[in-house]
Amino acid sequence: MEFETKYENSKKCKSDGQITDSDHVDAEKGMPAAEGKPDIKSLTLAELTGELNKLGEKPFRAKQLYQWMHEKLARSYEEMTNISKNLKEKLEQNFTYTSLNMVTFQESQIDGTRKYLFELADGNVVESVWMKYKHGNSVCISSQVGCRMGCRFCASTLDGLERNLLPGEMLDQIYYISRHTGERVSNLVVMGTGEPMDNYDNILKFIHMLTDENGLHISQRNVTVSTCGIVPRMRQLAEENLQITLALSLHATTDEKRRRLMPIAYTYRLEDVLDACRYYFEKTGRRITFEYSLVRGVNDTEEDARELIALVGDLNCHINLIPVNPIEERDFRESTAEAIRAFQMRLEKHRLNVTVRREMGRDIDGACGQLRRRHKKEM
Ligand code: SAH
């Protein structure tokens, strides 16, 4: 009950940004075990082998089952032709089987980007995006239902956090899209709704399963996890011996300015966030990506560019400028095209590695999290 109280509090968006480490642990406990049964799709091969052993089944059965779920992307036991009826019944009694339902999908006429809205077993909905690039297909997934980080320009956080997603629920966003498009997914970004470092254990398991040779076997180097800057978790991630890219939502160059956009900046100082980025690079050798959403008149001035150069100029990094995507609930506006160009050029003059995020699927889109919000309002 004590947890439920805290959970309720967390739903009310922490405008003061006071997020403690113990909050994160509690949020992880907040995942629902549907009908009290574990989700079979969230079990690693080793865990599945152990569970099947308890049911009197041999290890090769676990491997077959795992392949059905994570390589052949089966949507139900029905598709599993070499698994006996008897075992299927046992599995149904003991586990739930995550299989997302598509509520809607929209396809951009401009660039083929697709936005999916999925319904989870408990009726909650999450968004995912499929993007086609020259270097391969990329999926952007949600890591939580809602978010409690409260970033001012972000639609995903307006109603606070509902719950964490299970590893199987994150995987199934990719599996569904992969089946639906009939194309291989080669890149994965955790940049949809939610703060991945606020759902740490599940994210980690998800990454291991996604990159496992018995699953989709996506290269770790093609996986990017974006965080608003939860310092202890970033440091923990650095220790995990992974080759994934860490993206930090920087968005401002001083604590004061950052606090205006991101309440989390009240909890962790920029200095400590950047130290954690340096630590991540030291440990993994992976170049950090900084995301910087440009908001007109707030963080897009010449002074901001100068400060940004001073702040990260010495780091082996990539800067991704994102023209802010305005949401109707807030009055932040996108920087002008000239301001974006000038900002980019100032950084490039100092040999910083900069890209401006292409606006994929602008015709079908609203800002991140808007599809889910629109759906909720219509219900
Ligand atoms: N919680 C993670 C992932 C969030 S979404 C994080 O904070 O990094 C991925 C990126 O999109 C983040 O940098 C986020 O700040 C940014 N973002 C969210 N809403 C946006 C909007 N309306 N316009 C521009 N960028 C936005």
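Take the conditions of a type in the set (Lys, Arg) and either at pLDDT below 75 or part of a loop (DSSP other than H, G, I, E, B) (or both) and apply them to Arg341. Does it pass? No.
Quick one: which helices (runs of 4 or more DSSP H) lie wholly within the range 29-116 and hold at least 1 residues that are aromatic (Phe, Trp, Tyr) and not assigned by TED's automatic domain parsing to the domain that holds Pro167? So the answer is 59-70.
Rundown of residues vs (1) surrounded by 14 or more Cβ atoms within 10 Å (Cβ to Cβ); (2) modelled with pLDDT of 95 or more; (3) aliphatic (A, V, I, L, M), yes/no style:
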| residue | (1), (2), (3) |
| --- | --- |
| Arg278 | yes, yes, no |
| Lys283 | yes, yes, no |
| Glu302 | no, yes, no |
| Val312 | yes, yes, yes |
| Val324 | yes, no, yes |
| Val354 | yes, yes, yes |
| Lys377 | no, no, no |
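Test of understanding: among Glu51, Glu119, Glu71, Glu57, which residue is more than 23 Å from His375 (Cα to Cα) and without any contact (Cβ under 8 Å) to a residue 40 or more places away in the chain? Outline the logic, then answer.
Details: Glu51 fails: without any contact (Cβ under 8 Å) to a residue 40 or more places away in the chain; Glu119 fails: more than 23 Å from His375 (Cα to Cα); Glu71 fails: without any contact (Cβ under 8 Å) to a residue 40 or more places away in the chain.
The conditions single out Glu57.
Selection of the range 287-312 for residues being assigned to a loop (DSSP other than H, G, I, E, B) and within 16 Å of the ligand (Cβ to nearest atom) yields Arg296, Gly297, Val298, Asn299, Asp300.
Within the range 89-116, restricting attention to residues that are modelled with pLDDT under 95 and hydroxyl-bearing (Ser, Thr, Tyr), the residue that is nearest to Gly369 (Cα to Cα) is Thr104.
Quick one: in the range 316-338, which of the residues that are outside any helix (DSSP H, G or I) and more than 24 Å from the chain's Cα centre (by Cα) is nearest to Ile288 (Cα to Cα)? It comes out as Ser335.
Pairing each residue of the range 233-252 that is within 11 Å of the ligand (Cβ to nearest atom) with any residue that is among the charged types (D, E, K, R) and assigned to a strand (DSSP E or B), provided the two are 6+ apart or on different chains, yields C-beta distances under 6 Å for Ala247/Glu291; Ser249/Glu291.
Taking the criterion of being among the polar types (S, T, N, Q) and either assigned to a helix (DSSP H, G or I) or in contact with a helix residue (DSSP H, G or I) (Cβ under 6 Å, 6 or more places away or on another chain) (or both), the residues of the range 205-234 that qualify are Thr211, Asn214, Gln220, Asn222, Thr227.
Here is a check on your reading of the model: is Thr211 in the same structural domain as Phe105 (by TED's automatic domain parsing), among the polar types (S, T, N, Q) and near the ligand (Cβ under 9 Å from one of its atoms)?
Answer is no for this residue.
Table: residues versus (1) without any contact (Cβ under 8 Å) to a residue 60 or more places away in the chain; (2) charged (D, E, K, R).
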{"residue": "Ser138", "(1), (2)": "yes, no"}
{"residue": "Ser143", "(1), (2)": "no, no"}
{"residue": "Gly146", "(1), (2)": "no, no"}
{"residue": "Arg152", "(1), (2)": "no, yes"}
{"residue": "Gly168", "(1), (2)": "no, no"}
{"residue": "Gly192", "(1), (2)": "no, no"}
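The values are calculated or read from the model by the stated rules, or taken from the named source; none is laboratory data. In this text, all values refer to a predicted model and were calculated from it rather than measured experimentally. Note: ideal-geometry Cβ built from the backbone for every residue, glycine included; neighbour counts use all protein chains shown.
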